[in-house]
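K.L.:
Structure provided below as structure tokens; questions to follow.
The values are calculated or read from the model by the stated rules, or taken from the named source; none is laboratory data. From a predicted model like this one, the values you see are computed outputs, not experimental measurements. Note: ideal-geometry Cβ built from the backbone for every residue, glycine included; neighbour counts use all protein chains shown.
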Amino acid sequence: MRHTISVLVENKFGVLARISGLFSGRGFNIESLSVAPTLDLTTSRMTIITRGDDAIIEQVIKQLNKLIDVIKVIDFSEEDFIERGIVLVKVNAEPSNRAEILRMTEIFRGKVVDVSAKTYTIEVTGAEAKVSAFVEMIKPLGIIEIARSGKIAMSRGKKTLG
């Protein structure tokens, strides 16, 4: 089963290495990892996407909670949450396909963020399925380069990680 885990950590040197080491030391792959400071610059929020059965993930969460720099851990698989990702896609923008690129971008509520004589760079944000669908739709037009963020997630309503 796929799990989205949010971890509030102290913003200190080596924390990311210790957390990723915990996963690799137990033979777990991190499918996606996003880290950024919170409003309080002394803390960072990590969003980790991994796979495993509930018992294994429960053990991972217990081990995360034992790390000195970890403040709070939430497995969003058991909560109502919002997720988003972002993709930047540079595509061939020949005169013959520019209108089609712009149409697809509009359908997916994306933005053209850079234009050159022969390329458009498009930004699309949203749920993972939306971002993936856009990439699949634009592929036949000629992707030159792609950069995709890891997923970020947050509880719905008033509940907070910290």
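K.L.:
Quickly run through segment 2-40 and pick out the residues that are farther than 20 Å from residue 149 by Cβ and either under 16 Å from the mean Cα position of the chain (by Cα) or of a type outside the set (A, V, I, L, M, F, W, C) (or both).
P.N.:
Residues satisfying the conditions are 10, 12, 14, 18, 21, 24, 25, 26, 27, 40.
K.L.:
How about segment 114-152: which of its residues are surrounded by fewer than 11 Cβ atoms within 10 Å (Cβ to Cβ), of a type outside the set (Gly, Ala, Ser) and within 23 Å of the chain's Cα centre (by Cα)?
P.N.:
Correct list: 136, 145.
K.L.:
Given 88, 33, which one is within 30 Å of residue 120 (Cβ to Cβ), modelled with pLDDT under 95, out of contact with any Lys or Arg (no Cβ under 7 Å at 6 or more places or on another chain) and surrounded by 11 or more Cβ atoms within 10 Å (Cβ to Cβ)?
P.N.:
Result: 33 is the single residue among 88, 33 that is within 30 Å of residue 120 (Cβ to Cβ), modelled with pLDDT under 95, out of contact with any Lys or Arg (no Cβ under 7 Å at 6 or more places or on another chain) and surrounded by 11 or more Cβ atoms within 10 Å (Cβ to Cβ).
K.L.:
Restricting attention to segment 41-60, which residues are surrounded by fewer than 16 Cβ atoms within 10 Å (Cβ to Cβ) and in contact (Cβ under 8 Å) with a residue 40 or more places away in the chain?
P.N.:
51, 53, 54
K.L.:
Let me ask something else about it. Looking at segment 51-99 only, could you name the residues that are among the basic types (Lys, Arg) and farther than 26 Å from residue 38 by Cβ?
P.N.:
51, 90, 98 - these are the residues of segment 51-99 that are among the basic types (Lys, Arg) and farther than 26 Å from residue 38 by Cβ.
K.L.:
Just to be sure, is residue 16 of a type in the set (A, V, I, L, M) and exposed (fewer than 15 other Cβ atoms within 10 Å of the Cβ)?
P.N.:
no
K.L.:
Please find, among 78, 83, 128, the residue that is among the acidic types (Asp, Glu), closer than 16 Å to residue 47 by Cα and in contact with a Ser or Thr (Cβ under 7 Å, 6 or more places away or on another chain).
P.N.:
83
K.L.:
Just to be sure before I move on: is residue 50 within 17 Å of residue 153 (Cβ to Cβ), touching a Lys or Arg at 6+ places or on another chain (Cβ under 6 Å) and hydroxyl-bearing (Ser, Thr, Tyr) in the structure I sent?
P.N.:
No: the conditions fail for residue 50.
K.L.:
Can you name the residue in segment 91-124 that is of a type in the set (D, E, K, R) and in contact with a strand residue (DSSP E or B) (Cβ under 8 Å, 6 or more places away or on another chain) and is also nearest to residue 148 (Cα to Cα) among such residues?
P.N.:
So, considering only residues that are of a type in the set (D, E, K, R) and in contact with a strand residue (DSSP E or B) (Cβ under 8 Å, 6 or more places away or on another chain), the one nearest to residue 148 (Cα to Cα) is 123.
K.L.:
Considering segment 16-27 alone, what residues qualify as being within 20 Å of residue 83 (Cβ to Cβ) and of a type outside the set (Val, Ile, Thr)?
P.N.:
Within segment 16-27, 23 is the sole residue that qualifies.
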